[in-house]
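Peer 1: This is the structure I have questions about; it appears just below.
The values are calculated or read from the model by the stated rules, or taken from the named source; none is laboratory data. Not measured: the values here are computed from a predicted model. Heads up, the Cβs are rebuilt from the backbone with ideal geometry, glycines too, and the neighbour counts pull from every protein chain shown.
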Amino acid sequence: MPKTQNPAVMKWLYVFAFVVALLVVFGGFVRLTRSGLSIVEWNPISGVVPPIGQQAWEEEFAKYQQTPEYLHINSGMTLEGYKFIFYMEWIHRIIARLAGLFYAIPVFTFLFKKTIPFKEFGVYFVMGMLFIGQAFMGWFMVASGLVDRPAVSHFRLTIHLLFALALFSLALWTTFGHKYGFHDASKKAKWSYASKFALFATVILLIQISYGGMTAGLKAGHVSDTWPLMFGKWIPPNLFNSWVNLFETPQTIVFVHRWFAWLGLLLVPYAYYFVRKQNYPVDIQKGLLWLTAIVALQITLGVLTILSYVNIALALIHQANAILLLGIAVYFIHRFRALDEAKV
């Protein structure tokens with residue numbers, strides 16, 4: 001990890017993390033409007049410019065008309081309707097390109113000016129690789145819906161999401177290093193119970209987010225618009241008659257996504273009780289109170305999304321709030337580890 005703190009790099013990373021979060025949320029909008037398969041080619045350079053003129057639009061539309069999504073779902077779509085979903089995906093790709101530039105130009109400027117020492121470039125290089133990885137997974141995901149089925153692979157969608165969130169988390173972690181100080185690996189501080197608990201809670205959150213990604217990829221949120229019952233039952237039959245159901249069956253996946261969240265809600269009050277009992281700093285105690293409220297909000301948004309049969313606005317706020325929760329989790333791990341090192 002780096003050692004050199006710099007306020008300019010910190011501000012850049014704060015904004016970069018926000019841009020990555022925005023990219024994820026807009027990607028959710030693209031998915032909910034069924035726009036993600038509208039552009040059937042990946043042209044990093046020429047794709048910057050949308051079709052110009054009637055003939056160019058008709059040619060692009062003709063390519064889309066050969067896809068499974070058009071043939072099985074949108075066969076009655078007009079050219080005007082196609083332009084809407086095309087522009088949604090085009091904007092998504094433009095934001096991704098701009099995010100790439102927002103990473104590359106500042107990081108190499110800081111490196112050239114030695115604001116970031118070359119020997120500390122490793123973590124920023126990993127950010128770049130994560131960005132490239134999530135971009136590749138984005139196209140790999142889209143390609144899965146252009147061959148024989150009118151939907152992308154829910155596994156590829158989830159991996160694409162996790163790449164983006166790993167980038168978001170690493171950017172935030174490095175930001176906190178610039179703000180509060182970087183961890184000193186030479187101290188070899190033991191992980192306290194609080195640090196381990198924060199890490200465990202973050203893993204639980206990532207599992208929940210992963211099931212959210214699979215729910216989105218399979219459109220499993222449309223399986224049932226009732227809560228707390230599904231199909232009139234607390235636990236519908238045949239949900240867990242095979243372990244494969246946990247990763248392939250929409251009913252099982254959305255059921256897990258519905259109820260696994262409550263584990264997170266139970267963990268946060270316990271964490272607050274523990275840190276108060278151990279007399280941790282006031283900012284951590286107050287932060288955990290806020291975290292309890294945000295987790296409760298997240299579950300409420302999830303329930304409202306179900307009851308509204310996946311209203312787009314509610315679903316996007318639900319997704320954005322999940323990213324906020326991840327950012328807070330990264331903050332707590334960083335703070336607890338700093339306290340661990342202070343004891344060495």
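Peer 1: Just to be sure I understand the filter: pairs with C-beta atoms under 6 Å, separated by 6 or more residues or on different chains, first member in the range 1-27 and closer than 17 Å to residue 158 by Cβ and touching a residue at least 60 places away in the same chain (Cβ under 8 Å), second member polar (S, T, N, Q) and in a loop (DSSP other than H, G, I, E, B). Which pairs pass?
Peer 2: If the second residue must be polar (S, T, N, Q) and in a loop (DSSP other than H, G, I, E, B), no pairs are left.
Peer 1: Is it true that residue 71 is part of a helix (DSSP H, G or I), out of contact with any Phe, Trp or Tyr (no Cβ under 8 Å at 6 or more places or on another chain), modelled with pLDDT under 95 and closer than 30 Å to residue 2 by Cβ?
Peer 2: Judged against the criteria, residue 71 is not a match.
Peer 1: While we're here: Please specify each residue of the range 293-309 satisfying the condition of being in contact (Cβ under 8 Å) with a residue 40 or more places away in the chain and either in a helix (DSSP H, G or I) or in contact with a Lys or Arg (Cβ under 8 Å, 6 or more places away or on another chain) (or both).
Peer 2: Step one: of the range 293-309, the residues in contact (Cβ under 8 Å) with a residue 40 or more places away in the chain are 302-303, 305-309.
Within the range 293-309, 302, 303, 305, 306, 307 qualify.
Peer 1: Count, please, the residues in the range 183-197 that happen to be without any contact (Cβ under 8 Å) to a residue 60 or more places away in the chain and surrounded by 13 or more Cβ atoms within 10 Å (Cβ to Cβ). Give the steps one after another, and end with the answer.
Peer 2: Going through the range 183-197, the residues without any contact (Cβ under 8 Å) to a residue 60 or more places away in the chain turn out to be 186, 196.
Checking the rest, the ones that are also surrounded by 13 or more Cβ atoms within 10 Å (Cβ to Cβ) come to 196.
Going through the range 183-197 one residue at a time, the tally reaches 1.
Table: residues versus (1) surrounded by fewer than 18 Cβ atoms within 10 Å (Cβ to Cβ); (2) free of Cβ contacts under 8 Å to residues at least 60 places away in the same chain; (3) outside the structural domain of residue 325 (by TED's automatic domain parsing).
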{"site": "117", "(1), (2), (3)": "yes, no, yes"}
{"site": "121", "(1), (2), (3)": "yes, yes, yes"}
{"site": "154", "(1), (2), (3)": "no, no, yes"}
{"site": "205", "(1), (2), (3)": "no, no, no"}
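Peer 1: Still on this structure, please answer the following. Just wondering, is there one or more residues in the range 37-59 that are out of contact with any Lys or Arg (no Cβ under 8 Å at 6 or more places or on another chain), in contact (Cβ under 8 Å) with a residue 24 or more places away in the chain and assigned to a helix (DSSP H, G or I)?
Peer 2: No: the range 37-59 contains no residue that is out of contact with any Lys or Arg (no Cβ under 8 Å at 6 or more places or on another chain), in contact (Cβ under 8 Å) with a residue 24 or more places away in the chain and assigned to a helix (DSSP H, G or I).
Peer 1: Just to be sure, is residue 147 buried (at least 21 other Cβ atoms within 10 Å of the Cβ) and either within 30 Å of residue 56 (Cβ to Cβ) or not assigned by TED's automatic domain parsing to the domain that holds residue 42 (or both)?
Peer 2: Values: buried (at least 21 other Cβ atoms within 10 Å of the Cβ): no; either within 30 Å of residue 56 (Cβ to Cβ) or not assigned by TED's automatic domain parsing to the domain that holds residue 42 (or both): yes.
Criteria not met by residue 147.
Peer 1: Run residue 311 past the list (1) among the polar types (S, T, N, Q); (2) over 23 Å from residue 168 (Cβ atoms); (3) buried (at least 16 other Cβ atoms within 10 Å of the Cβ) and report the number of the one that doesn't hold.
Peer 2: (3)
Peer 1: If you check residue 262 against the conditions, is it over 30 Å from residue 116 (Cα atoms), within 25 Å of the chain's Cα centre (by Cα), modelled with pLDDT of 90 or more and aromatic (Phe, Trp, Tyr)? Before the answer, list the steps.
Peer 2: On the way: over 30 Å from residue 116 (Cα atoms): yes; within 25 Å of the chain's Cα centre (by Cα): yes; modelled with pLDDT of 90 or more: yes; aromatic (Phe, Trp, Tyr): yes.
Criteria met by residue 262.
Peer 1: Among (1) over 27 Å from the mean Cα position of the chain (by Cα); (2) assigned to a helix (DSSP H, G or I); (3) not aliphatic (A, V, I, L, M), which single condition is residue 4 missing?
Peer 2: Residue 4 satisfies every listed condition except (2).
Peer 1: A further question follows. Can you name every residue in the range 329-344 that is crowded, with 19+ Cβ neighbours inside 10 Å and among the hydrophobic types (A, V, I, L, M, F, W, C)?
Peer 2: Selection gives 329, 330, 332, 333, 336.
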